[in-house]
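Enquirer: For reference, the structure I am asking about is given below.
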2 protein chains.
Amino acid sequence: MIPRHLPPMEARHEYLLHLADNALVLGHRNSEWCGHGPELEQDIALTNLSLDLLGQARLLYQHAANGIGEGATEDTLAFLRDASDYRNLILLELPRGDWGLTILRQYLFSEFSLLQYQALQGSTDTQLAAIAAKAIPEVTYHRRWARDWVVRLGDGTEESHTRMESALATLQPHLGELFSPADFERTVTERGIGIDPSTLRSEWTLRVRQTLDEADLAVDLSSLATPSNHTGMDGKLGRHTEDLVRLLAEMQTLQRTYPGNEW
Amino acid sequence: MIPRHLPPMEARHEYLLHLADNALVLGHRNSEWCGHGPELEQDIALTNLSLDLLGQARLLYQHAANGIGEGATEDTLAFLRDASDYRNLILLELPRGDWGLTILRQYLFSEFSLLQYQALQGSTDTQLAAIAAKAIPEVTYHRRWARDWVVRLGDGTEESHTRMESALATLQPHLGELFSPADFERTVTERGIGIDPSTLRSEWTLRVRQTLDEADLAVDLSSLATPSNHTGMDGKLGRHTEDLVRLLAEMQTLQRTYPGNEW
């Protein structure tokens, strides 16, 4: 039996799960658009992007599973943990919303993820460094694709502009979490394995501000709420929304019903 | 305004839609597994396969749209027609069922589709011939992937074998439709554009029988029901199940609500 509740995690393991869970949860959210996008071409583009994220998640779960043994595999890590064991950002588990919200979230996270993977290329964990190097061209493409859409929609019709403003208002309270280091992030940073996300904030802010200016969208990026300030949620500590519980219920049905089975 | 009910269709146009609708509907059904597959790896494999099918659908819709003009695009064809205008096989619109049914349908259709595209490489419609040539390596891979799974599951555990038998019983009544030529198929065959599907039956039967033997699955392929015999449904004539109506409702929400809009 795979224990549903894992014992307290070692920092490096928790960090790998954090990175993997981010990719899995966002990939899953985006995959909900499969066959529901506004245009066949864009639907296919977003699905391809989901596949990149799921591919990144797989490599990270495999790497994490190698470290713990005891029958752990990418699939037990992806499918057999409870919400409280997930370490993803709250930002990424929020419902997909409309096309504008999906795109905007993808953009804001891609800018962050790109900086994070660039830093992780220098990790003393050489396997993690290799995963980061492989992810960079993918995330570079995601960032460009999402950025083009943000500008197109923000600076588009009155309807699209209003929707983008509303998406930004929905996401803004969850941006502080990107840059608030969890204990495990501090530990892996000290050990040269990971990167303290607070060090990425100024570059991220610069890039995002430029994009939002082009998109004619205004937002205050100078004072971002830290997780505990506003919602009591903190994804990195496993304190998640009901939205994640529902997402996992849907995603895990098969594995939970027939663990280890192909059904 | 795009007319919801198109006027009686020219045979070549109807044939292109038939091919495109097959790919779109099966691609959409498979994409429902996005994030719900039994293993991350297989989930990704099936999603990739859906993307191939959606890509084929796009090329075929584009080609069909070029022929009719009047504001038709790949997206109006994919998203703004009613169920009665769809020309896909009933086999492909049946609900995805369990993993076994999804795999088995994919296999049975891939064997057919491969033979069909091989024949269409010789089409006098050079654009269709080029689309077929591009699709062949994709479908070859789909066939191999699905075939491996059919054998693995059919010749697997007692549970997996029973499920595969049940999937076969569900699909069998809809196989005759593959080989019953509609009027438009007869016309395009006479004109050298298309292929009469009844000519593909013996080769398909040979290949499928060999696979099912390996998978230890028994089925009668010698007397397949023609569409009208058993259900009154006939996908090629636009007589579809409620399942297609629901699939389209889900797929088309966005375009129908905001036609021509990015939402």
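FYI, it's all coordinate maths here, none of it is from the lab. Predicted, not measured: the structure shown is a model, and the values here were computed from it. Quick reminder, even Gly has a Cβ in these numbers, built from the backbone with ideal geometry, and neighbours come from all protein chains shown.
Enquirer: Mind telling me which of A:122, A:154, A:97 comes out most flexible in a GNM of chain A, alpha-carbon contacts under 10 Å?
Expert: Of the options given, A:97 has the highest mean-square fluctuation.
Enquirer: How much mean residue ellipticity at 222 nm does chain B get from its helices, if each DSSP H run of length 4 or more adds -39500 (n - 2.57) and you divide by all residues, to the nearest 500 deg cm²/dmol?
Expert: Details: 12 runs with 171 residues, N = 263.
Mean residue ellipticity, 222 nm, calculated: -21000 deg cm²/dmol.
Enquirer: In nm, what does the list of distances from residue B:10 to its counterparts in the other copies look like, shortest first, when each label sits 7 Å along Cα to Cβ?
Expert: The projected label point of residue B:10 is separated from its counterparts by 6.9 nm.
Enquirer: Which of rounded, prolate, oblate describes the stretch B:128-195, given a ≥ b ≥ c as roots of the alpha-carbon gyration tensor eigenvalues and a/c under 1.5 marking rounded, otherwise prolate only if a/b is larger than b/c?
Expert: Details: a/c = 6.20, a/b = 1.75, b/c = 3.55.
Verdict is oblate for the stretch B:128-195.
Enquirer: Ok, one more. As I understand it, the value is the acute angle between the Cα axis of helix A:201-214 and the longest principal axis of the Cα atoms of chain A; what does it come to in degrees, rounded to 10?
Expert: Helix A:201-214 sits roughly 40 degrees off the main axis of chain A.
Enquirer: Here's a follow-up. In the Gaussian network model of chain B, springs joining C-alpha atoms below 10 Å, which of B:165, B:39, B:138 carries the largest mean-square fluctuation?
Expert: Largest GNM mean-square fluctuation: B:39.
Enquirer: If you rank B:224, B:92 by fewest surrounding Cβ atoms within 10 Å, what's the result?
Expert: Numbers: B:224 19, B:92 25.
Going from least to most buried by this count: B:224, B:92.
Enquirer: Sticking with this structure for a sec: Report the per residue volume, in Å³, of the convex hull enclosing the C-alpha atoms of the protein assembly as shown.
Expert: Details: hull volume 77.1 nm³, N = 526.
It comes to 147 Å³ per residue, whole-number rounded.
Enquirer: List the aspartates and glutamates whose Cα lies under 16 Å from the Cα of residue B:134, skipping any in the same chain that are fewer than 8 positions away.
Expert: B:52, B:125
Enquirer: Right, something else. Taking only the C-alpha atoms, wrap a convex hull around the stretch B:11-257 and report its volume per residue in Å³ as a whole number. Provide the component values of the computation, followed by the final result.
Expert: On the way: hull volume 28.1 nm³, N = 247.
Measuring per residue, one finds 114 Å³ for the Cα hull of the stretch B:11-257.
Enquirer: May I ask you to derive the relative contact order of chain A, considering only C-alpha pairs under 8 Å and at least 6 residues apart, and to give it as an integer percent? Before the final figure, lay out each step's value.
Expert: On the way: 349 pairs, mean separation 62.2, N = 263.
Rounded, it is 24 percent for chain A.
Enquirer: Another question about this same structure. Among A:49-58, A:208-217, A:181-190, how do they line up by average Cβ neighbours within 10 Å per residue, starting with the highest?
Expert: Values: A:49-58: 23.0, A:208-217: 16.4, A:181-190: 18.0.
Descending mean neighbour count gives A:49-58, A:181-190, A:208-217.
Enquirer: From the C-alpha coordinates alone, can you work out the Kirkwood hydrodynamic radius of the stretch B:114-156, in Å?
Expert: Working: mean 1/r = 0.0886 Å⁻¹.
The answer is 11.3 Å.
Enquirer: Beyond 18 Å, what share of the Cα-Cα pairs of the stretch A:95-137 is found? Please give it as a whole percent. Don't skip to the end; give the middle numbers.
Expert: Details: 361 of 903 pairs.
Value for the stretch A:95-137: 40 percent of Cα pairs lie more than 18 Å apart.
Enquirer: Can I ask one more? Taking a label point 7 Å out from Cα toward Cβ, give me the nm distances from residue B:218 to the same spot in the other copies, shortest first, one decimal.
Expert: Nearest first, the other copies' label points are 7.7 nm away.
Enquirer: Say a label goes 7 Å from Cα toward Cβ at residue A:130 in every copy; what distances in nm does this one have to the rest, shortest first?
Expert: Relative to the other copies, residue A:130 has label-point distances of 4.1 nm.
Enquirer: While we're looking at this one, here's another question. Can you work out the FRET efficiency for the pair residue A:243 and residue B:206, with r the C-beta to C-beta distance and R0 = 45 Å, to the nearest 0.05? Could the numbers behind the result be given before it?
Expert: Working: r = 51 Å, r/R0 = 1.13.
Once rounded, the FRET efficiency stands at 0.35.
Enquirer: Let's see if you can work this out: charge +1 on each Lys and Arg Cβ, -1 on each Asp and Glu Cβ, no other charges. What is the dipole magnitude of chain A about its Cα centre, in debye to the nearest 20? Show your work: numbers first, answer last.
Expert: On the way: 23 positive and 38 negative charges, 102 e Å.
For chain A, the charge dipole is close to 500 debye.
Enquirer: Just the projected area, averaged over all directions, of the convex hull on the alpha carbon atoms of the stretch B:21-142: how many nm²?
Expert: Numbers: hull surface 30.5 nm².
Over every viewing direction, the Cα hull of the stretch B:21-142 projects on average to 7.6 nm².
Enquirer: Highest GNM mean-square fluctuation, chain A, Cα pairs closer than 10 Å: which of A:103, A:90, A:44?
Expert: Comparing A:103, A:90, A:44 in the GNM, the peak value goes to A:44.
Enquirer: Could you tell me the center-to-center distance, by alpha carbons, between the stretch A:172-208 and the stretch B:105-171 in angstrom?
Expert: 47 Å
Enquirer: Hey, another quick one. Just name one of B:92, B:248, A:65: the one whose Cα is farthest towards the positive end of the charge dipole of the protein assembly as shown (beta-carbon charges, Lys/Arg +1, Asp/Glu -1).
Expert: The residue sitting most towards the positive pole is A:65.
Enquirer: Here is a further query. With chain A rotated onto chain B, spot the residue of A whose Cβ lies nearest the axis and note the distance in whole Å.
Expert: So the closest residue, with its distance, comes out as A:34, 2.
Enquirer: I would also like to ask the following. Estimate the FRET efficiency between residue B:157 and residue A:169 by the formula 1/(1 + (r/R0)^6), using the beta-carbon distance for r and 41 Å for R0, to the nearest 0.05. Let's see the in-between values first.
Expert: Numbers: r = 52 Å, r/R0 = 1.26.
After rounding to 0.05, the efficiency reads 0.20.
Enquirer: Could you give me the radius of gyration and the Dmax of the stretch B:93-225, taking only the C-alpha atoms into account and expressing both in angstrom?
Expert: So, for the stretch B:93-225, Rg and Dmax equal 15.5, 50 Å respectively.
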